[in-house]
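Encoded as structure tokens, the structure appears first; notes follow it.
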Amino acid sequence: MQELEYPFDAEQILQKKKSLRRRLLADTSVKRIPKKIAVLGGSTTNDILKILELFLLNYGIEPTFYQSEYAQYWQDVMFDNEELVSFKPDLIFIHTTSRNIHDFPTVRDSEEAVRGKLDAVYQPFEQMWDKIAAVYHCPVIQNNFEQPFCRLMGNRDVFDVHGRLSFVNALNEKFYAYARSHGNFFINDINYLASCYGLERWSDPFYWHMYKYQPAVPAIPELAYNIANIIKSIYGKNRKALVLDLDNTLWGGVVGDDGPENIEIGQETSTAQLYSEFQGYLKAHKDLGVLLAVDSKNDEANALAGLNRPDSVLKPEDFLVIRANWEPKDRNLVEIAREINIGTDALVFVDDNPAERHIVRSQVPEAAVPEIGTPEQYIIRLDRSGFFEVTNFSEDDLKRNDMYRANVERARQQAGFADYHEYLLSLDMKAQIRPFAPMYMSRIAQLTNKSNQFNLTTLRCTQAQIEEYAASPDYITLYGKLEDRFGDNGVVSVVFGHIDPDQPEAFHIDLWLMSCRVLKRGMEYAMMDTLAAECRKRGITRIFGYYYPTAKNKMVKDFYGQQGYRKESEDGQGNTVWSLDLSDGYTNRNSVICVNS
């Protein structure tokens with residue numbers, strides 16, 4: 001819904017929140033994932049929940065909320081509020097602000113007394129976070145503290161230990177240290193939001209003293225949008241690729257008309273510097289694992305000449321696909337998604353031309369098409385849109401562009417083989433298939449929330465849950481890591497399940513998924529062979545597999561049948577149960593991948 005895309009009209013959202021909600025819920029074509037979200041507030045949170053719901057619905061997440069009583073956030077957790085415990089939240093958001101700091105230092109305090117006050121404010125938060133981890137095992141989003149809206153000591157307030165600004169900064173550092181050492185804990189940076197919005201407007205005392213709202217009501221959409229970006233990232237709703245126009249988007253001017261020597265890029269003019277800074281911003285996304293592609297109405301030779309300028313930050317090799325031709329851009333966009341092997345809903349189309357944006361938005365509605373404004377606004381518009389919000393970051397993210405580039409090379413290699421089995425053998429594939437390991441927990445959790453097509457049950461898991469399964473003797477867990485002659489694909493497959501406590505000879509697969517970038521490479525057989533071997537080691541004679549259909553996983557509807565399982569049942573919604581008998585032995589199916597050599 002365009003009204004909820006950045007830059008949005010906050011006033012309109014507040015005024016029309018009921019009608020926007022009705023429109024969102026009326027769109028039954030959107031398959032949303034349900035999530036139970038507990039909001040524990042140090043101030044009034046009613047409107048925060050209402051606006052947060054809009055942004056989450058727009059992201060494909062249908063929330064059910066628990067809301068603490070005013071300023072009872074600590075008590076609800078520490079004294080096991082029955083309603084919160086029975087709610088069993090999937091995620092907890094703690095909305096506290098500088099208004100919840102009640103014991104700021106004074107100029108009469110010694111440095112030791114200031115440190116004591118700092119610990120006294122911080123420790124209850126850490127107790128609460130640890131209790132949440134122990135009881136609820138779910139992600140926590142915690143606000144940091146925005147700067148106080150006034151400075152008692154003027155400019156000295158920021159560095160003197162008695163200053164409120166100094167105190168808030170020290171508290172924030174303690175929060176950040178906790179976040180760095182706890183993988184399921186995320187900071188909602190209201191300190192940054194308030195500075196962007198304007199601290200005086202954000203902290204308007206009228207709304208606090210009249211309604212106990214912090215931030216001020218007009219700022220709530222900014223706050224809710226930021227929270228929604230974190231939540232959609234946790235649950236695998238991020239975009240994956242930037243598809244970029246060239247003329248007046250990556251550089252100033254039209255390369256076909258002006259010539260590559262006359263386009264605006266480099267450091268010679270202020271306009272050229274704007275485009276260079278934008279290119280640098282885009283290139284930095286590659287290290288986050290964001291894929292880059294070009295979709296431009298241009299002769300390919302002109303496009304490459306522009307990118308090959310010595311002062312161009314982005315070079316042809318930075319892009320997985322370059323489609324510079326005279327085809328409609330919406331068609332190119334679909335072809336780019338096909339060639340990279342990702343869905344069009346993973347794309348962000350960036351173009352300065354409003355007519356092209358309109359066509360793509362109408363023809364490929366699942367792609368994101370931001371209103372990027374003028375060149376000096378490009379970075380801010382993309383940055384604040386939160387398409388690539390980073391909640392978890394793994395080694396695989398650093399290598400993602402190389403992995404996808406290698407996949408393009410594999411496709412070209414395949415074209416030269418008449419026999420597909422011979423092609424797979426030519427890849428010289430090696431797999432590491434082992435129980436979940438600490439170094440891969442973040443990546444495994446990330447896969448459970450991002451993989452949709454090759455995903456039998458679409459069970460979404462937090463890192464804390466993954467760690468619990470790995471530690472339990474009642475679970476069998478396996479990750480699969482694949483490399484070949486073109487490069488390392490990283491962790492690409494996850495299987496885990498539990499042993500039936502009433503029938504210890506039976507094993508139930510809770511989740512089986514695989515990254516689309518290794519489809520049809522034999523990895524599913526290698527994983528199945530290893531799972532069967534692990535089951536037989538434990539005396540398990542029967543494996544049960546489950547398929548729950550979604551809008552995106554039809555490709556694995558008959559997966560278990562292809563693996564030799566027998567269908568046990570199917571209900572009216574298409575949910576199926578399958579079983580594999582191991583009592584008479586098991587014949588390995590993998591013949592192209594060397595496993596754990």
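The values are calculated or read from the model by the stated rules, or taken from the named source; none is laboratory data. Since the model is a prediction, treat every value here as computed from it, not as a measurement. Ideal geometry is used to build each Cβ from the backbone, glycine not excepted, and the neighbour counts take in all protein chains shown. Surface areas here come from the heavy atoms of the whole protein model, side chains and all, with no ligands, DNA or RNA. Shrake-Rupley method; radii C 1.70, N 1.55, O 1.52, S 1.80 Å.
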message: Cβ contacts < 6 Å: first residue closer than 18 Å to Phe93 by Cβ, restricted to the range 15-39; second residue of a type in the set (Asp, Glu) and open to solvent by 40 Å² or more (accessible area, probe 1.4 Å), any location; separation 6+ or different chain. Result?
response: Pro34/Glu62; Lys35/Asp90; Lys36/Asp90
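Kindly establish whether Trp202 is touching a residue at least 24 places away in the same chain (Cβ under 8 Å), within 28 Å of Met1 (Cα to Cα) and outside the structural domain of Leu347 (by TED's automatic domain parsing).
Here the answer is yes, as Trp202 does meet what is asked.
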task: For Ile132, work out the one condition from (1) without any contact (Cβ under 8 Å) to a residue 24 or more places away in the chain; (2) assigned to a helix (DSSP H, G or I) it doesn't fulfil.
output: (1)
query: What are the residues in the range 154-179 that are in contact with a Lys or Arg (Cβ under 9 Å, 6 or more places away or on another chain), closer than 25 Å to Arg201 by Cα and open to solvent by 50 Å² or more (accessible area, probe 1.4 Å), if any?
result: Val158, Arg164
message: Let me confirm something: among Ala272, Ala284, which residue is of a type in the set (A, V, I, L, M) and open to solvent by 20 Å² or more (accessible area, probe 1.4 Å)?
response: Ala284
task: Give the residues of the range 350-362 that are out of contact with any helix residue (DSSP H, G or I) (no Cβ under 6 Å at 6 or more places or on another chain), outside any loop (DSSP other than H, G, I, E, B) and open to solvent by 40 Å² or more (accessible area, probe 1.4 Å), sorted by residue number.
output: Pro354, Ala355, His358, Arg361, Ser362
query: Considering only strands (runs of 3 or more DSSP E) fully contained in the range 18-118, which possess at least 1 residues that are open to solvent by 60 Å² or more (accessible area, probe 1.4 Å), β-branched (Val, Ile, Thr) and modelled with pLDDT under 95?
result: none
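How many of the residues making up the range 477-528 are of a type in the set (Asp, Glu) and touching a Phe, Trp or Tyr at 6+ places or on another chain (Cβ under 8 Å)?
Initially, the range 477-528 is screened for residues of a type in the set (Asp, Glu), giving 483-484, 488, 500, 502, 505, 510, 524.
Filter once more, keeping what is touching a Phe, Trp or Tyr at 6+ places or on another chain (Cβ under 8 Å): 500, 510, 524.
Count: 3.
Kindly provide the set of residues from the range 518-561 that are among the basic types (Lys, Arg), in a loop (DSSP other than H, G, I, E, B) and farther than 13 Å from Phe507 by Cβ, ordered by number.
Kept after step one, since they are among the basic types (Lys, Arg), are these residues of the range 518-561: 520-521, 536-538, 542, 552, 554, 557.
When the remaining residues are screened for being in a loop (DSSP other than H, G, I, E, B), the result is 520-521, 538, 552, 557.
Matches in the range 518-561: Lys520, Arg521, Lys552, Lys557.
Free of Cβ contacts under 8 Å to residues at least 12 places away in the same chain, at negative phi and in a loop (DSSP other than H, G, I, E, B): does that describe Gly572? Before you say what the answer is, go through the steps one by one.
Details: free of Cβ contacts under 8 Å to residues at least 12 places away in the same chain: yes; at negative phi: yes; in a loop (DSSP other than H, G, I, E, B): yes.
So Gly572 passes the test.
Mind checking which helices (runs of 4 or more DSSP H) fall wholly inside the range 254-349 and carry at least 3 residues that are among the aromatic types (Phe, Trp, Tyr)?
Details: elements: 255-258, 270-284, 300-307, 329-340.
The qualifying helices (runs of 4 or more DSSP H) are 270-284.
Before we move on, is Gln563 more than 23 Å from Gln465 (Cβ to Cβ), of a type in the set (S, T, N, Q), open to solvent by 20 Å² or more (accessible area, probe 1.4 Å) and out of contact with any His (no Cβ under 6 Å at 6 or more places or on another chain)?
On the way: more than 23 Å from Gln465 (Cβ to Cβ): yes; of a type in the set (S, T, N, Q): yes; open to solvent by 20 Å² or more (accessible area, probe 1.4 Å): no; out of contact with any His (no Cβ under 6 Å at 6 or more places or on another chain): yes.
Here the answer is no, as Gln563 does not meet what is asked.
Taking the range 453-503 as the search range and keeping residues that are among the acidic types (Asp, Glu) and either outside any strand (DSSP E or B) or over 28 Å from Gln562 (Cβ atoms) (or both), which one is least open to solvent (accessible area, probe 1.4 Å)? Spell out the reasoning first.
At the first step, the residues of the range 453-503 found to be among the acidic types (Asp, Glu) are 467-468, 474, 483-484, 488, 500, 502.
Those left that are additionally either outside any strand (DSSP E or B) or over 28 Å from Gln562 (Cβ atoms) (or both): 467-468, 474, 500, 502.
Working: Glu467: 82, Glu468: 85, Asp474: 90, Asp500: 28, Asp502: 136 Å².
Taking the candidates together, the pick is Asp500.
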- prompt: Any idea how many residues of the range 179-228 are of a type outside the set (Gly, Ala, Ser) and assigned to a loop (DSSP other than H, G, I, E, B)?
  reply: 8
message: Pairs needed: first member in the range 343-368, not assigned by TED's automatic domain parsing to the domain that holds Lys552; second member anywhere, loosely packed, with under 14 Cβ neighbours inside 10 Å; C-beta distance under 6 Å; at least 6 residues apart or different chains.
response: Thr344/Glu366; Asp345/Glu366
message: Can you find a residue that is at pLDDT 95 or above and of a type in the set (Phe, Trp, Tyr) anywhere in the range 574-581?
response: yes
- request: Go through the residues of the range 535-544 one by one and say whether even a single one is in contact with a strand residue (DSSP E or B) (Cβ under 6 Å, 6 or more places away or on another chain) and within 30 Å of Ser29 (Cβ to Cβ).
  value: no
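Can you tell me which residue among Gln147, Gln142 is at pLDDT 95 or above, surrounded by 20 or more Cβ atoms within 10 Å (Cβ to Cβ) and either part of a loop (DSSP other than H, G, I, E, B) or in the same structural domain as Gln463 (by TED's automatic domain parsing) (or both)? Spell out the reasoning first.
Details: Gln142 fails: either part of a loop (DSSP other than H, G, I, E, B) or in the same structural domain as Gln463 (by TED's automatic domain parsing) (or both).
Being at pLDDT 95 or above, surrounded by 20 or more Cβ atoms within 10 Å (Cβ to Cβ) and either part of a loop (DSSP other than H, G, I, E, B) or in the same structural domain as Gln463 (by TED's automatic domain parsing) (or both) holds for just one of Gln147, Gln142, which is Gln147.
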